[in-house]
Amino acid sequence: MANTKSKKSELTKEKMLHMHRLMLDIRNFDNKVNRLVKKGKIPGMTHFSIGEEAANVGAVAALKTGFDMITSNHRGHGQSIALEIDLNGMMAEIMGKATGTCKGKGGSMHIADLDGGNLGANGIVGGGMGMAIGAALTQQMKKTGKIVVCFFGDGACNEGTFHETLNMASIWKLPVIFYSINNMYGISTPIKDVINIDYNYQRASSYGIPGHFIEDGNDLLAVYNKFEEIVKYVREGNGPVLVEAITYRWLGHSTSDPGKYRTKDEVDEWKKKDPIARFKDYLIENKIVTAQEVESIENASADAVEESVKFALSSPEPTLESAFEDIFAD
Ligand SMILES: Cc1ncc(C[n+]2csc(CCOP(=O)(O)OP(=O)(O)O)c2C)c(N)n1
Ligand SMILES: [Mg+2]
């Protein structure tokens, strides 16, 4: 077991347990969705966050929940859950039910939770970047004190909008954190085949903004500590930051990917760096919690996911008329 390198954290026990619970919720939720897809209970294509839990939860936990904002991407389950979306509504959304967070009209790739600060996932790679700087400009003009985290993958850094939005955010000093979750592949293409530098965070200097690197994005506290520093910098009005964390997705790109471009050994090596198992060991080894306390959180998470499935399965389909609602803003 590769243990976390972080020193004993100053965070409260409650905060750490909460972060652990959110990582468990992501893992349990996505494992459940995967099974439901295979049983034909979920329509369409789904992308999973399993393996990337710490990279999501560590970042979001440094924000003010229900105050700050995020934009998400096609692999957005982890971000939505980290931002404490209602699991029942999210499962119902993925099943296309009327009780879903977007009334069943969005599905897995378009989860949004405006009250919780999630401006939405996006099926267009790089599609959240323009939304993020628009939201950040609003916060700056209205002086709300809120900041925006724009989540995207390693592959999205080669979209034109990456250049346009980082440049604009830089010249206007917008309160936005551009966050690349580098799982080292864009579908089947290794990132090393599509960039001629080592890492995308190095591009920050082209825009005159700080670039930060989280070498071990599976170390929850390393991600949290780095984000705490970056959030403070951005909230103080210093302008945008680009940050990149290295992690790995355990499953295929989507439910339709057999994953032939990676070896089993590679995947197994990354499973040994399991962010959840590592944080559990950290909590117990540092006597922050007992094994029984962790077990009760594990059970509570599994129960909450089961509950979300029952809720979603028993929820009604959207009515035909609802297809014509929510098209235009009031
Ligand atoms: C503009 C655009 N181009 C291509 C695609 C097809 N596509 C969907 S996901 C993906 C790879 C994205 O890789 P990355 O940004 O690294 O995110 P990851 O899936 O690894 O989390 C591609 C090319 C798309 N959805 N949108
Ligand atoms: Mg990727």
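Just one of the listed residues (190, 258) is open to solvent by 50 Å² or more (accessible area, probe 1.4 Å) and under 29 Å from residue 45 (Cβ atoms), namely 258. For the stretch 172-188, check the following and say yes or no: at least one residue is within 12 Å of ligand 2 (Cβ to nearest atom), farther than 21 Å from residue 232 by Cβ and touching a Phe, Trp or Tyr at 6+ places or on another chain (Cβ under 6 Å). Checked against the condition, which is being within 12 Å of ligand 2 (Cβ to nearest atom), farther than 21 Å from residue 232 by Cβ and touching a Phe, Trp or Tyr at 6+ places or on another chain (Cβ under 6 Å), the stretch 172-188 yields at least one hit. The set of residues in the stretch 143-161 being free of Cβ contacts under 8 Å to residues at least 40 places away in the same chain, within 14 Å of ligand 1 (Cβ to nearest atom) and either out of contact with any Ser or Thr (no Cβ under 8 Å at 6 or more places or on another chain) or open to solvent by less than 10 Å² (accessible area, probe 1.4 Å) (or both) consists of 158, 159, 160, 161. Taken over the stretch 28-51, the criterion of being charged (D, E, K, R) and either part of a loop (DSSP other than H, G, I, E, B) or open to solvent by less than 30 Å² (accessible area, probe 1.4 Å) (or both) is satisfied by 30, 39, 41.
Residues to consider are 314, 301; find the one that is hydroxyl-bearing (Ser, Thr, Tyr), more than 16 Å from ligand 2 (Cβ to nearest atom) and either open to solvent by less than 10 Å² (accessible area, probe 1.4 Å) or within 20 Å of residue 78 (Cα to Cα) (or both).
301
Looking at this structure, is residue 234 over 19 Å from the mean Cα position of the chain (by Cα), open to solvent by less than 10 Å² (accessible area, probe 1.4 Å) and more than 16 Å from ligand 1 (Cβ to nearest atom)? Yes; evaluated as a whole, the condition is true for this residue.
Being at positive phi, touching a residue at least 40 places away in the same chain (Cβ under 8 Å) and either of a type outside the set (Val, Ile, Thr) or in a loop (DSSP other than H, G, I, E, B) (or both) is not true of residue 128. Taking residues in the stretch 190-201 that are in contact (Cβ under 8 Å) with a residue 40 or more places away in the chain, and partners anywhere that are assigned to a strand (DSSP E or B), the pairs with Cβ atoms closer than 6 Å and at least 6 places apart or on different chains are 199/244; 200/180; 200/244; 201/211; 201/213; 201/242; 201/244. Number of residues in the stretch 52-111 that are open to solvent by less than 20 Å² (accessible area, probe 1.4 Å), assigned to a helix (DSSP H, G or I) and not aliphatic (A, V, I, L, M): the value is 10. Candidates in the stretch 172-187 are the residues that are open to solvent by 10 Å² or more (accessible area, probe 1.4 Å) and farther than 22 Å from residue 77 by Cβ; of these, the one that is farthest from ligand 1 (Cβ to nearest atom) is 173. Within the stretch 202-226, the set of residues being in contact (Cβ under 8 Å) with a residue 60 or more places away in the chain, over 23 Å from residue 48 (Cβ atoms) and polar (S, T, N, Q) comprises just one member, 225.
The single condition from (1) surrounded by 23 or more Cβ atoms within 10 Å (Cβ to Cβ); (2) over 22 Å from residue 252 (Cβ atoms) that residue 215 fails is (1). Only residues that are touching a helix residue (DSSP H, G or I) at 6+ places or on another chain (Cβ under 9 Å) and more than 14 Å from residue 54 (Cα to Cα) were counted across the stretch 269-288, and they come to 3.
Take the residues in the stretch 162-171 that are within 16 Å of ligand 1 (Cβ to nearest atom) and either charged (D, E, K, R) or open to solvent by 20 Å² or more (accessible area, probe 1.4 Å) (or both), then tell me which one is nearest to residue 192 (Cα to Cα). This residue is 163.
Taking the criterion of being of a type in the set (Gly, Ala, Ser) and either modelled with pLDDT of 95 or more or in a helix (DSSP H, G or I) (or both), the only residue of the stretch 257-289 that qualifies is 277.
For the stretch 95-124, residues that are out of contact with any Ser or Thr (no Cβ under 7 Å at 6 or more places or on another chain), more than 24 Å from residue 176 (Cβ to Cβ) and within 16 Å of ligand 1 (Cβ to nearest atom) total 1. Condition check for residue 138 on (1) open to solvent by 30 Å² or more (accessible area, probe 1.4 Å); (2) touching a helix residue (DSSP H, G or I) at 6+ places or on another chain (Cβ under 6 Å); (3) over 24 Å from residue 321 (Cβ atoms); (4) not in a loop (DSSP other than H, G, I, E, B): one failure, at (2).
The values are calculated or read from the model by the stated rules, or taken from the named source; none is laboratory data. Note that this is a predicted model, so its numbers are computed, not measured. Backbone-built Cβ (ideal geometry, glycine too); neighbour counts: all protein chains shown. We work out accessible area using only protein heavy atoms, side chains counted, and drop any ligands, DNA or RNA first. Shrake-Rupley method; radii C 1.70, N 1.55, O 1.52, S 1.80 Å.
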